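Engineer: My questions all concern the structure below.
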Amino acid sequence: MRFRAKIVDLACLNHFSRIINTIAKLAKTCILRLTVCKLYFILSDKVANGGASMWCELSQGNFFDEFQMEGVAAEHNEIYLELVPENLSRALKTAQNAKAVKIKLTNKHCPCLSVAVELPSLSSSSRIVTHDIPVGVIPRRMWNDFREPSVPDFDVSIYLPALKTMKSVVDRMKNLSNFIVIEANLSGEMNLKIETDLVSITTHFKDLGNPPWASEDDCQSNTQARDLESMAEACIDIKKLQQLLAGQQVNPTKALCNIVRKRIVHFILLHEEVSLQYFIPAIA
């Protein structure tokens, strides 16, 4: 089992750092799954227990100049590691002007991801700062616990408004309630609502648009048969939504959410070679 990778391009390095920062805001610990072509960051708190889930997928070729890995076996050419993303985020903060960053799986008293940051130097010799990040190696028998979450048939799929606008609305509502209702329909309308004994507030968004699959004939839940104005809603933990909006540095070109009525809200942020899915279960 071996892994080593190198980033030289500064723009790629900064983009990779922003993704890790986003993940660090969403998960205290996560699984890093390495394959020949892709990296996956996975958080699989059991939705049944009220926990959020995350699945972030990136193509290694868009970030790394060198990428070599050998999995646990020829027929299972993958590596699963458990790590604290905040540790990786801190290590990459020292690399903002680096000439290169090398990441390698090592064994120093315990398995580690060693992040070697080559910094510019006035002299001919380069300065290298190495961060050893402890990781746990996930055994093969547990890999199935970290498969991509299946998306239940959704009632509505809708593009999100500008995330900064959404964040400022949610930030204000967070001071008034622990829960927020997200509702949307197939006419491109979405509402964010809070209701308490003292106050009821709704923010309306219109003309957001629905992804093409939201109205296809074989669509999930047969949306054709439903009223386009009919709202599907789910009540979720406002802190989990705020965490996603405040922490995201992916700067997506597309952002959308799928709502399964009273069960789950599934957010998808897309930016070229990166996709981040975040699942927040509904509160009964």
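Engineer: Answer with yes or no whether Val47 is farther than 30 Å from Lys239 by Cβ, of a type in the set (A, V, I, L, M, F, W, C), modelled with pLDDT under 95 and open to solvent by 10 Å² or more (accessible area, probe 1.4 Å).
Structural biologist: When the stated conditions are applied, Val47 does not pass them.
Engineer: Another question, if that's okay. Regarding segment 230-250, can at least one residue be identified that is open to solvent by 60 Å² or more (accessible area, probe 1.4 Å), assigned to a loop (DSSP other than H, G, I, E, B) and at pLDDT below 90?
Structural biologist: No, that holds for no residue.
Engineer: Something else: If I filter segment 4-39 down to residues being part of a strand (DSSP E or B) and over 18 Å from Asn87 (Cβ atoms), which single residue comes out as most open to solvent (accessible area, probe 1.4 Å)?
Structural biologist: Ranking the candidates gives Arg4 first.
Engineer: Checking Tyr159 against (1) among the aromatic types (Phe, Trp, Tyr); (2) at pLDDT 95 or above; (3) within 21 Å of Ile283 (Cα to Cα), which single condition isn't satisfied?
Structural biologist: The one condition Tyr159 does not meet is (3).
Engineer: Checking the structure you have, find out if any residue of segment 150-157 is in contact with a Lys or Arg (Cβ under 6 Å, 6 or more places away or on another chain) and closer than 24 Å to Gly71 by Cα.
Structural biologist: Taking every residue of segment 150-157 in turn, none turns out to be in contact with a Lys or Arg (Cβ under 6 Å, 6 or more places away or on another chain) and closer than 24 Å to Gly71 by Cα.
Engineer: Out of Asp145, Asp171, Asp207, Asp153, report the one residue that is under 21 Å from the mean Cα position of the chain (by Cα), assigned to a loop (DSSP other than H, G, I, E, B) and surrounded by fewer than 18 Cβ atoms within 10 Å (Cβ to Cβ).
Structural biologist: Asp153
Engineer: Please specify each residue of segment 94-126 satisfying the condition of being outside any loop (DSSP other than H, G, I, E, B), charged (D, E, K, R) and surrounded by 13 or more Cβ atoms within 10 Å (Cβ to Cβ).
Structural biologist: Lys102, Lys104, Glu118
Engineer: Restricting to segment 69-88, name every residue that is of a type in the set (S, T, N, Q) and at pLDDT 95 or above.
Structural biologist: Residue satisfying the conditions is Asn87 alone.
Engineer: Continuing with this model, one more query. It is to be established whether one or more residues within segment 191-202 are open to solvent by 70 Å² or more (accessible area, probe 1.4 Å), under 24 Å from the mean Cα position of the chain (by Cα) and touching a residue at least 12 places away in the same chain (Cβ under 8 Å). Even if it seems obvious, please write down each step before you answer.
Structural biologist: Start the filter on segment 191-202 by keeping residues that are open to solvent by 70 Å² or more (accessible area, probe 1.4 Å), which leaves 195, 197-198, 200.
Those left that are additionally under 24 Å from the mean Cα position of the chain (by Cα): none.
No, every residue in segment 191-202 fails to be open to solvent by 70 Å² or more (accessible area, probe 1.4 Å), under 24 Å from the mean Cα position of the chain (by Cα) and touching a residue at least 12 places away in the same chain (Cβ under 8 Å).
The values are calculated or read from the model by the stated rules, or taken from the named source; none is laboratory data. Every value quoted in this text rests on a predicted model; they were computed, and no experiment measured them. Counting neighbours? That spans all protein chains shown, and the Cβs are built from the backbone with ideal geometry, glycine included. The area values use the complete protein model at the heavy-atom level, side chains included, leaving out ligands, DNA and RNA. Shrake-Rupley method; radii C 1.70, N 1.55, O 1.52, S 1.80 Å.
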